[in-house]
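What follows is one structure encoded as structure tokens, with my remarks underneath.
Values quoted throughout were computed directly from the atomic coordinates according to the rules given, and no laboratory measurement underlies them. Being a predicted model, the structure only gives us computed values, none of them experimental. Cβ placement follows ideal geometry from the backbone for every residue including glycine, while neighbour counts extend to all protein chains displayed.
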Amino acid sequence: MEALAAFTSTAQVFVGDGYAEELAGGRVSPALFEVLGVKAYRGRLFEAGEDRAGADDDVVLSHATWQRLFGGRDTVIGRPVTLGGRARTVIGVLPPGFRFEPLDGRQAVVAARETEFWLPLALTFSGPNAASRYDLRTIGRLRPGATVEQARAELDAITRQVTHGASSADVAPLQTEIVHGVRRTLLLLFGAVGFVLVIVCANVAHLQLARGMTRRREMAIRVAIGAGRGRLGRQLLAESLVVAVAGGVLGLAGARWCVGVLVRLAGPDLPRAAAVGIDPLVIGFTAAVAGLSAVAFGLIPAVQASAVDPNRQLRDGSRTSGRGRGSASLMRLLVAGETGLALILAVCAGLMLISLWRVERVPLGFRTDHLLTMRTVLPGQKYRGDNGVRFYLELLDALRRLPGVDAAAAANTLPMGGTAPFQGFVVEGAGSERTAATDRIRGQYRTVTPEYFQALGIPLRRGRLFTEADRPGAQLVAIVNQTAERLHFGGNAVGKRLFSGRGDEPFEVVGVVGDIRHVYARSAPLPEVYHPLAQDPTSRMWLVIRTAADPAALAAVVRKRIASRDPGIPIDHVQTMEERHSASLGISTFLAFLLIAFAGLALATMVPVRRASRVDPMIALREE
């Protein structure tokens, strides 16, 4: 490795003049920007030694955040801003083309796709569980001539040595990490685009053949009055070039208009969506395709013109102006090929529609109707610990009294919004030593208020739900889902105790609830452990409100009720649960839409071909 840097995702509340909002950020080692080859657009970046413990008072902003929050003013450099409940000094701004998306799987914590600010890593290796406190990812640059396999072997050996064999390391190219979740989708779309390109090119060739056949007498007259075959070829190539250039320009104009629509349709799951656009590479590819098309399809009538016998053509007149046997066979072959490719696209689009229809009807394990959701974050030291718990419980009690509200609850993550934090836990009696790596179980954990299960309609299978009696000082309790009970508790979880990596006191399992599809509708339920908010305080919570009528109509009322308690609390991601469900299907909907559009385009382009050549595609298929 030539250079190596570490990073992790974070989120901090920015407090401006009379408002507050949560920003997605990253904690990074100073070498990160050097590894990525990024220079400061304004000010400077982190320097060596600025990531030591306690030295995280400086912040670097993304260009978009600098423009949005500070109007792009240079005076912000060196100015203190309130971020994360403390004053931090802005030391630099990154260039406008730089975008960094979190790669550590913490989208449930950091909902934004792009990082908006950066802080020094500032690691502290002291206190209990110091080794497992940080969930870090590393990014490096290979030495010239080095391979990914060599780097993987080197880092894996170092990791095993440092952890005494308890952990290993893997290495993958950055581009693979960015697109791994949608790689198959992008490859499928690439194949569909290739099919459409081949179909359109075949259509153009077919039309040129038909047009050349109708111009055979014209070409014979030109040859008879002295036009050379080279001159005729240049004329036909020029005509083809005009058509190709016009098509390329219209294609670029249409693509420029469609990009924004397609990116919005794809939703937040499309990686580097903000970077999608018409760039020089796209323009160059379009110009190359247009040029090759002009030459290739200009040669067809040129070859036909060179084969014209002017004496015979003019003597026989219209009797030989029809298609030759060879041209007719070629045209039938083109129609057969175009029809076959178009039908393949149509079948793929139909299969994708059926798959999407089935996914939309998969039981989620909870009710999505009449649910309003939004995210809140309690800023600063004011709401630490029990103060934050008290605020949320009192707020929910006030929301329940609003007209039209049937239930109100809160959770650190909600369904249909990506993954949730993972926690290692051990069932009591699973091993002789509860910290042994072989005894540890990895499951998703949720922090919820007592009415959460009723609000979402998640059924209780065994035991009881959380109550107000589950507060600090009482026996720590937990609720697990059926998947966790089946896999880790031998089918009977109630009354069992489990240990987590966040403390020495065990949790007693008091209930088992039904499985829900938390990440996506198409993903299988994972083991889940629920904790009551009173025993597991957190400042970042999602509110979920069940209403008797349209939930969107209550959004403004809920906002005002929260602002009346503390106007400095940021509120974002206000959606109904049905909107969240639809958004979770974004990539699938996007793929289905494009395949249908491509199939329709392919079939539509065959209409002028059939009219021009009077060849029925189905007859051509049978003849072939």
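Give the percent of DSSP beta bridges with both residues in the range 55-99 that are antiparallel, rounded to the nearest 5. All intermediate terms of the calculation are to be shown ahead of the outcome.
Working: 4 of 8 bridges.
Beta bridges within the range 55-99, antiparallel portion: roughly 50 percent.
So for each of 3-9, 373-379 I average, over its residues, the number of other beta carbons within 10 Å; can you give me the resulting order with the highest mean first?
On the way: 3-9: 18.3, 373-379: 20.6.
The peptides rank, most packed first, as 373-379, 3-9.
Under a 5 Å amide H to amide H cut-off, with H placed in plane at 1.01 Å, what residues pair with Val529 once short-range neighbours are removed?
Gln444, Tyr445, Arg446
Would you mind calculating the gained length between Ala122 and Asp57 on full extension (0.36 nm times residue separation, minus the Cα-Cα distance), in nm to one decimal? Intermediate values should be presented prior to the final figure.
Details: separation 65, 0.36 × 65 = 23.40 nm, distance 1.00 nm.
Extra length available between Ala122 and Asp57 comes to 22.4 nm.
Modelled label-to-label distance, Ala157 and Glu428, 7 Å Cα→beta-carbon offset: nm?
According to this spin-label approximation, the distance is 4.6 nm.
Which distance in nm do the two modelled labels at Arg44 and Glu218 give, with both placed 7 Å along the Cα-to-Cβ direction?
It is 7.1 nm.
Round to the nearest 0.05 the FRET efficiency obtained for Leu252 and Leu188 when R0 = 22 Å and r is the Cβ-Cβ distance.
Values: r = 24 Å, r/R0 = 1.08.
For R0 = 22 Å, the calculated efficiency reads 0.40.
R0 = 25 Å: FRET efficiency of Ala556 with Ser582, Cβ-based, nearest 0.05?
On the way: r = 22 Å, r/R0 = 0.87.
My answer for the efficiency is 0.70.
Rank by packing, highest mean first: peptides 283-291, 252-260, with packing defined as the count of other Cβ atoms within 10 Å averaged across residues.
Values: 283-291: 14.1, 252-260: 12.1.
In descending order of packing, they fall as 283-291, 252-260.
Just add up the charged neighbours of Val512: K/R +1, D/E -1, any other residue whose Cβ is under 11 Å from the Cβ of Val512.
Details: positive: Arg461, Arg462, Arg464, Arg486, Lys496; negative: Glu485, Asp515, Glu528.
Overall, the nearby charge balance is +2.
So if each residue of separation counts as 0.36 nm, and I subtract the Cα-Cα distance between Val198 and Gln150, what length gain in nm does that give? Each step should come with its number before you reach the end.
Working: separation 48, 0.36 × 48 = 17.28 nm, distance 4.05 nm.
Going from the current span to full extension adds 13.2 nm.
Taking amide H positions as placed 1.01 Å from N in the peptide plane, with prolines and chain starts having none, which residues 5 or more places from Ala407, or on another chain, fall under 5 Å of its amide H?
Amide H to amide H, under 5 Å and 5 or more residues apart or across chains, Ala407 pairs with Arg546.
Could you rank the peptides 406-416, 579-589, 36-46, 505-515 by their average count of other C-beta atoms within 10 Å per residue, with the highest value first?
Values: 406-416: 22.5, 579-589: 18.4, 36-46: 16.5, 505-515: 20.0.
Ranking the peptides 406-416, 579-589, 36-46, 505-515 by packing returns 406-416, 505-515, 579-589, 36-46.
What FRET efficiency do you get for Glu360 and Ala563 if R0 is 30 Å and r is their Cβ-Cβ distance, rounded to the nearest 0.05?
Details: r = 36 Å, r/R0 = 1.19.
Calculated transfer efficiency: 0.25.
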